[in-house]
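What follows is a set of notes on a single structure, which appears directly below.
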Amino acid sequence: MPLDKGDGPPGGTRETSRQLSREQLFVLISAASINLGSMMCYSILGPFFPKEAEKKGASNTVTGMIFGCYALFDLLASLVFGKYLVHIGAKFMFVAGMFVSGGVTVLFGVLDQVPEGPVFTTMCFLVRIADAVSFAAAITASFSILAKAFPNSVATVLGSLEIFSGLGLVLGPPLGGFLYQSFGYEVPFIFLGCIVLLMVPLNMYILPNYDSDPGEHSFWKLITLPKIALIAFVINSLSSCFGFLDPTLSLFVLEKFNLPAGYVGLVFLGLALSYAISSPLFGLLSDKIPHLRKWFLVLGNIITAGCYMLLGPIPVLHIQSQLWLLVLILVLNGVSAGMSIIPTFPEILSCAYENGFEEGLSTLGLVSGLFSAMWSVGAFIGPTLGGFLYEKIGFEWAAAVQGLWALTSGLAMGLFYLWEHAQRRRSKLQNILGTEEEQTALLPDEI
């Protein structure tokens, strides 16, 4: 796969190479390690933590808030780290974030020793918040470094690396469920935390340093661009759909199909595998045929909305809930999510450059921070609202409500692209008419 060689030091010339340079290869290995490790640590909670929290006296709403607070503080930290990426240093931010993330994952494993009730809940929140801040540092730095190393293949590289995110989501739930069933609550967290910690010295050695000057632009100027604001809404809706499943799907499957915890993790497999497999394809198409991105964004959201209507399924459809149908819908949801998510980062980046943002690590930090922050908004609302709606109206209706958000964002994005197309046609027509008038005005002089 031909890829473009990224920028070297500031002021260096951009060259095109038909194979990966040593530096680019090291960047890919580092990014793959954080994608894999962080997603495994994130997804491990799904199969068994809701039940464990229930034993400690936490309601479904509180459990949803424990999942959701991760995203809230990821949001706040992403904005800060994106703004000050150049000042802190991308490599230091990446390595420090990974180190802290591994440490707090190990700490999560000893929370079963904490007394039940408010003490347990408070400790869960504190450890989860520390994990969120560390993850925000690592992933914001990772996105910026990737975009710097592969300036003309951002979507392809991000899509390809989603294989490792998907692999983390695939391995996390079944591995967590198996270790929980076999060895108890502590072992899954300690095992994964140690794996992440072992990756730290590797990344300290291989990850290159990128230096840049601070930029003049801000998050506020970025998010107030109408197109970027709508793309942020799309990112919110998609991350909310993913986050909704964390506190609700495992409980629904346990109640509806009476599966053991180890097998509940396998249900998540359909979503994660299809997302991991489809993402590189949509990334490649987004880079090779940029005008397809708008179609991916709109259609992906509409298909995702349909998936959530059928996830229960919604009672008005009078379709009986079956395990094979649930897994099939999750597979389709994984493909639609890849279709929608992968084009968002290059779309924001190209829109920023079109509106006067300088090309460099400073803008990449802003875009990376914005992407992570907007993802976190949805990832906070999804589990929090999902846990509440699950208690009040049940999984079937709660999933349908979640689907309406994806439908709204998809239709809004589609209407904006139609308006943008009409504006460009009008501008083009005015330019043609203006040129003809100038030519007509010059004719007498020429005669």
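Counting only Cβ charges, +1 for Lys and Arg and -1 for Asp and Glu, the dipole size of the chain around its Cα centre is about 660 debye.
Could you tell me the center-to-center distance, by alpha carbons, between region 222-246 and region 341-385 in angstrom? Between the Cα centres of region 222-246 and region 341-385 lies a distance of 9 Å. Of W397, W324, W405, the order by accessible heavy-atom surface (1.4 Å probe, DNA, RNA and ligands excluded), from most exposed downward, is W324, W397, W405.
Let me check against my output: what whole-number percent is the relative contact order of the chain, with C-alpha pairs under 8 Å and at least 6 apart?
Working: 791 pairs, mean separation 118.6, N = 447.
With pairs under 8 Å counted, the relative contact order is 27 percent.
Considering the options L285, L259, L25, tell which one lies farthest towards the positive end of the dipole of the chain, charges being +1 on Lys and Arg and -1 on Asp and Glu at the Cβ, about the Cα centre. The listed residue farthest towards the positive side: L259. Helix 323-341 axis versus longest C-alpha principal axis of the chain: approximately 30°, rounded to the nearest ten. With helices as the sole contributors, the chain gives -28000 deg cm²/dmol at 222 nm; each DSSP H run of n ≥ 4 counts as -39500 (n - 2.57), and the sum is divided by every residue.
The longest part of the chain holding none of the exposed loop trypsin sites (Lys or Arg not before Pro), meaning those outside H, G, I, E and B in DSSP with at most 16 other Cβ atoms within 10 Å, is 19-447.
Taking the alpha-carbon centroid of each part, what is the distance from region 113-182 to region 81-98 in angstrom? Between the Cα centre of region 113-182 and that of region 81-98, the gap is 17 Å.
Each of T224 and V114 was given a label point 7 Å from its Cα along the Cα-to-Cβ line. The distance between the two points is 4.1 nm.
Hey, what's region 55-139 come to in accessible area per residue, 1.4 Å probe, Å²? Show your work: numbers first, answer last.
Numbers: 3260 Å² over 85 residues.
Result: 38 Å² of accessible area for each residue.
A probe of 1.4 angstrom, applied to the heavy atoms of all protein chains, finds Y70 with accessible area near 10 square angstrom.
Could you put V106, V154 in order of accessible surface area, largest first, with the 1.4 Å probe and the full protein assembly present?
V106, V154
Residue ranking by accessible heavy-atom surface, 1.4 Å probe, largest first, among L273, L126 comes out as L126, L273. Check the straight Cα-Cα distances from K91 and name the lysines below 23 Å, setting aside those fewer than 8 residues away within the same chain. Those lysines meeting the cut-off are K5, K83, K148.
Rounded, prolate or oblate: which fits region 217-435 when a ≥ b ≥ c are the square roots of the eigenvalues of the alpha-carbon gyration tensor, with rounded for a/c under 1.5 and prolate only if a/b beats b/c? Here region 217-435 falls in the prolate category.
With 24 Å as the limit, the listed pairs K227/K392; K55/K392; K221/K294 have K227/K392 beyond it between alpha carbons.
The values are calculated or read from the model by the stated rules, or taken from the named source; none is laboratory data. Quantities reported herein were computed from a predicted structural model and do not represent experimental measurements. Cβ coordinates were reconstructed from backbone atoms using ideal geometry, including for glycine residues, and neighbour counts include every protein chain displayed. Quick note on the areas: whole protein, heavy atoms, side chains included, nothing else; ligands and nucleic acids left out. Shrake-Rupley method; radii C 1.70, N 1.55, O 1.52, S 1.80 Å.
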